[in-house]
Amino acid sequence: MKDKKKRITTLLMDLLVFIVLVCLDRYTKILAIVKLKDKEPFSIIDGVFEFRYLENRGAAFGMLQNQRVFFIVVGVAFMIFAAWMIVKLSADDKYRALRYVLLLIAAGAFGNLIDRSITIYVVDFIYARIIDFPIFNVADCYVTIGSFLLFFMLIFMYKDDELFKEKHPDEE
């Protein structure tokens, strides 16, 4: 019973983290629309870093322009996969970092999925002028950082037999 309660508490905490991350992404995009759309870029560090409004109809770096249905299908598929992984993972502290990394990626995917579902584009606004890096948003940061951390964790921290057990210790 104690293990079941811990599992439910963990899943509720995961849901709360997910909601906070998605809300932060939405808030920053709304700010970008209100403060940046149809206006000059806002320089944070002159010549280095600025906020600049962009309606991105493609993927990262402008690839796959106008493929809205493809992005929605991929986003939904990833959301299902991430939810499945989070539910299947043990509530043990050993997997907490992995759960948060999956939540980070899922929140980023969902944030951009919301944009693509409501409009035909994703609002991007963060621009590293010094290296002329493509304009991106908070959800993109979640996905990029989360993906890097997930790769690192799967290579160096966890073994396959640890992650994909038939039964988790807290379910026995």
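Each row is one residue, and each column tells you yes or no for (1) surrounded by fewer than 21 Cβ atoms within 10 Å (Cβ to Cβ); (2) touching a residue at least 24 places away in the same chain (Cβ under 8 Å); (3) touching a Gly at 6+ places or on another chain (Cβ under 9 Å).
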| site | (1), (2), (3) |
| --- | --- |
| 67 | yes, no, yes |
| 76 | yes, yes, no |
| 80 | yes, no, no |
| 83 | yes, no, no |
| 88 | yes, yes, no |
| 93 | yes, no, no |
| 102 | no, yes, yes |
| 108 | no, yes, yes |
| 112 | no, yes, yes |
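Take the residues in region 27-46 that are under 13 Å from residue 124 (Cα atoms) and in a loop (DSSP other than H, G, I, E, B); name whichever of them is nearest to the chain's Cα centre (by Cα).
Top of the filtered list is 37.
If you take the residues of region 16-30 that are touching a residue at least 12 places away in the same chain (Cβ under 8 Å) and not aromatic (Phe, Trp, Tyr), which of them is surrounded by the most Cβ atoms within 10 Å (Cβ to Cβ)? Let's see the steps before the verdict.
Here is the first cut: in region 16-30, the residues touching a residue at least 12 places away in the same chain (Cβ under 8 Å) are 17-18, 21-22, 24-26, 28-29.
After this cut, where a residue has to be not aromatic (Phe, Trp, Tyr) as well, the list is 17, 21-22, 24-26, 28-29.
Numbers: 17: 16, 21: 22, 22: 22, 24: 15, 25: 24, 26: 17, 28: 19, 29: 21.
Filtering first and then ranking leaves 25.
Every residue, every condition in (1) among the β-branched types (Val, Ile, Thr); (2) over 20 Å from residue 68 (Cβ atoms); (3) under 12 Å from the mean Cα position of the chain (by Cα), yes or no:
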position	(1), (2), (3)
110	no, no, yes
115	no, no, no
120	yes, no, no
123	yes, no, no
126	yes, yes, no
131	yes, yes, no
134	no, no, no
141	no, yes, yes
155	yes, yes, no
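Report every pair of residues separated by at least 6 positions or lying on different chains whose Cβ atoms are under 9 Å apart, first residue within region 147-159 and loosely packed, with under 13 Cβ neighbours inside 10 Å, second polar (S, T, N, Q).
No pair meets every condition.
All of the numbers you see were taken from the coordinates with simple rules; none came from a lab. Model, not experiment: these values are computed from the prediction. All Cβ positions, glycine included, derive from the backbone under ideal geometry; neighbour counts span all protein chains shown.
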